[in-house]
1. Write out, first by first residue and then by second, each pair whose Cβ atoms fall under 9 Å of each other, whose residues are 6+ apart or on separate chains, and whose first residue, in the stretch 345-364, is within 26 Å of E283 (Cα to Cα) while the second is loosely packed, with under 11 Cβ neighbours inside 10 Å.
2. Only one of these conditions is not met by A243: (1) assigned to a loop (DSSP other than H, G, I, E, B); (2) at pLDDT 90 or above. Which number is it?
3. Quick one: in the stretch 7-26, which of the residues that are modelled with pLDDT of 75 or more and assigned to a loop (DSSP other than H, G, I, E, B) is nearest to I48 (Cα to Cα)?
4. Which condition number in (1) more than 27 Å from I304 (Cβ to Cβ); (2) at pLDDT below 95; (3) not in a loop (DSSP other than H, G, I, E, B) is the one that A265 fails?
5. On the basis of being in contact with a strand residue (DSSP E or B) (Cβ under 6 Å, 6 or more places away or on another chain), more than 17 Å from L367 (Cβ to Cβ) and touching a residue at least 60 places away in the same chain (Cβ under 8 Å), does S326 make the cut?
6. Where in the stretch 142-224 are the helices (runs of 4 or more DSSP H), entirely inside, with at least 1 residues that are of a type in the set (G, A, S)?
7. Could you please find all residues in the stretch 269-295 being closer than 13 Å to S258 by Cα, touching a residue at least 60 places away in the same chain (Cβ under 8 Å) and in a loop (DSSP other than H, G, I, E, B)?
8. Just checking, which of L375, L314 is closer than 18 Å to R274 by Cα, in contact with a helix residue (DSSP H, G or I) (Cβ under 9 Å, 6 or more places away or on another chain) and either among the basic types (K, R) or in a strand (DSSP E or B) (or both)?
Amino acid sequence: MRVVLPVEELQPLWIVDEDILSANGLPLVLHGAVVTPALKDAMTRHGIVSIRVRTDDEEEWNPGGPLSPKLVLKVKQDVQKLVVHAVRRRSLSPQLLSNIMEQTSAVVDALFTGEAPLFAELRSLSNYDAYTYEHSWSVMLLSLSLARVAWESGILEKLDLQDRLNLGMGAVLHDIGKTLLPSALLNKEGPLDEEEWKLMRLHPQKGVDLLRPYKLVMPMVRAIVAFHHERPDGGGYGLAKGATLYGGEIPRLVRVVSVADAYDAMVSSRPYRRARLPFEALEILASEAGHQFDADLVPLMERIVVSFPVGSLLLLKDGSVASVRSPGDLTGRRSLPECLVVAAFLSGGRYLPGETFVLRDRSQIALGATGPDDLVGKMVEDVSRQRPPFSDTFPLSLVGALPLSLACALPLWDQLFMASLDKFRATATRAAGQ
């Protein structure tokens, strides 16, 4: 069914049924885009109040990808139920395990049909419960997609149906052991101390222990749960009493999940740190290729994720703030990202608020963010560490007074940045008074 609804009422996986243009006629949201929380946030930031969409009860609906929205919803619901069951009863439900195995088979069929999927949206989840379910789902999709590309490239010599099923199930269950850890540990806002890290490193062992009674769980699934934090250079961890694995001792499918797990964790907001944008996460993976992650698999991530999704905010080194309005990357595989300058914290920059440009050079970017609060928070954090984010002339009085040179493209953006700055000023004032 096609309906016009307020942005706040849109549901995940509905499809945008019209092009939305800015005041100067430039496209902000394109027909066929899939509704996600990040897209809703981006539309709100651009002042979009309502939009025409196709809802999930329309027979012809196709979300621009191979996965049925009903399948997506069912997997997430059953993973959520499995986690809740594990937390409450410290055991797993055999029926839910069986259901998820059947659904994993359907996901495998979909992801290995047609073109390889492409992930082109922002993630921003800080609540542990929501993060747990979404992270399990995302790691499965990323793992299967990465494995497919690796297999098609000849890096994975074998990837038969059983391998795919094992990989999907292992990815869904990789962190199941965390359900037996204290929620206070998982939701701690600051860094873990030594004793807390000892507890955290037990989650692979606890996951294996949870799975032990269930014969339908294959050995490779158990291996993924046990070893997804092992690293090629031997710097990781696995079973509580097992020897550390190195390099080729780590099964290749486990290494696939390790890359997917690390990537999704980096692009998700957690209580103890802010989310990174995809381009930042890809850079970190590349810097650790051969050490923490498989050197052959890491470069393939650029083939399955978009470095600069719609709605990303980029703080440029000249003080401009740009919002990505057309996704892309700088690898040459896809089109270059198109950006709209929404604000400027310094005068005399290359771009003025309201101008559009094509991003061609990574060196222009000081940092990335998922929204105004995130951007201002990262700026304040850098200033507090005496690391001006984009220029030595960055006003260190940011937390005390709004820089006089702040200019925004629209009143909406002015309000957003003012609200974000006020929030951090209030936090700083409270901290100073304690």
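1. Between residues of the stretch 345-364 that are within 26 Å of E283 (Cα to Cα) and residues that are loosely packed, with under 11 Cβ neighbours inside 10 Å, the close pairs are T356/N24.
2. With respect to (1) assigned to a loop (DSSP other than H, G, I, E, B); (2) at pLDDT 90 or above, A243 is out only on (2).
3. The selected residue is L10.
4. Answer for A265: the failing condition is (1).
5. For S326, the condition - in contact with a strand residue (DSSP E or B) (Cβ under 6 Å, 6 or more places away or on another chain), more than 17 Å from L367 (Cβ to Cβ) and touching a residue at least 60 places away in the same chain (Cβ under 8 Å) - is met.
6. Per the criteria, 161-173, 183-186, 203-211.
7. Result: H291, Q292, D294, A295.
8. After applying the criteria, what remains is L314.
The values are calculated or read from the model by the stated rules, or taken from the named source; none is laboratory data. Given the structure is predicted, the values throughout are model-derived calculations rather than measurements. Here the Cβ is made from the backbone with ideal geometry for all residues, glycine too, and neighbour counts use every protein chain on show.
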